[in-house]
Structures are given as structure tokens and as C-alpha cells.
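Notes for the one structure printed next.
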Amino acid sequence: MKGALAGSESGSARVRLQVDPVACDGVGLCAHLAPSVVDLDRWGYPILADRDLGRREKAAARRAVRGCPKRALRLDGPQ
């Protein structure tokens, strides 16, 4: 699944991590802040996991969004 990461737990709403490929410069900080949910391709651009997120993974995804120097990541859905 390109550019989106689905997250759901029993009783919680879906949250998606999205990347803007135009804004992203492939810095790779997101993978350091959220290694359990973001991998990097060989050029340093994020590859987002395609699976449900646990509570800690959602927190890591929020850290990656806040830490992105290009503001290329965002979380869609209820926070």
C-alpha cells in the first residue's frame, strides 16, 4: 500500500500515516523515529508498513510526523 499505513485496534478508529512524495526529500529521520512502522528504500525515502498499528506504533508514528523536517508526513483520522 503506497503512502498509507492503516491502524486499528479493537474499539478504536483507523488512523493512517500518509507521506507526500513531492515534499519528501528522503532525509530518513522518520525511520529513526518510528523504526517499527517506517522502512527506507535505497534512496532514503519512506516505505510505510501495511498492517494494523499497536498503541506504541501509533505514538512512534506521531513522533515521526512531528520530527519530519520537510513536513512530508501526516496522520489522517482521529488522534
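The values are calculated or read from the model by the stated rules, or taken from the named source; none is laboratory data. Just so you know, these numbers come straight off a predicted model, no measurement behind them. Reconstructed Cβ throughout: ideal geometry from the backbone, glycine too, with neighbour counts over all protein chains shown. Heavy atoms of the whole protein, side chains included, go into the accessibility calculation; ligands, DNA and RNA do not. Shrake-Rupley method; radii C 1.70, N 1.55, O 1.52, S 1.80 Å.
Looking at the range 13-31, which of the residues that are part of a strand (DSSP E or B) and open to solvent by less than 50 Å² (accessible area, probe 1.4 Å) is farthest from A59 (Cα to Cα)? Here the answer is V19.
Just one of (1) free of Cβ contacts under 8 Å to residues at least 40 places away in the same chain; (2) closer than 16 Å to R16 by Cβ fails for R56. It is (2). With respect to P78, is the statement that it is in a loop (DSSP other than H, G, I, E, B) and modelled with pLDDT of 90 or more true? In short, no.
Here the range 19-39 is the region considered, the condition is being modelled with pLDDT under 95 and under 9 Å from the mean Cα position of the chain (by Cα), and the residue that is farthest from G77 (Cα to Cα) is V37. Considering only residues that are part of a strand (DSSP E or B) and open to solvent by less than 30 Å² (accessible area, probe 1.4 Å), look in the range 40-69 and name the one that is modelled with the highest pLDDT. For the range 40-69, the residue satisfying everything is P46.
For the condition modelled with pLDDT under 95, touching a helix residue (DSSP H, G or I) at 6+ places or on another chain (Cβ under 8 Å) and among the hydroxyl-bearing types (S, T, Y), S10 does not qualify.
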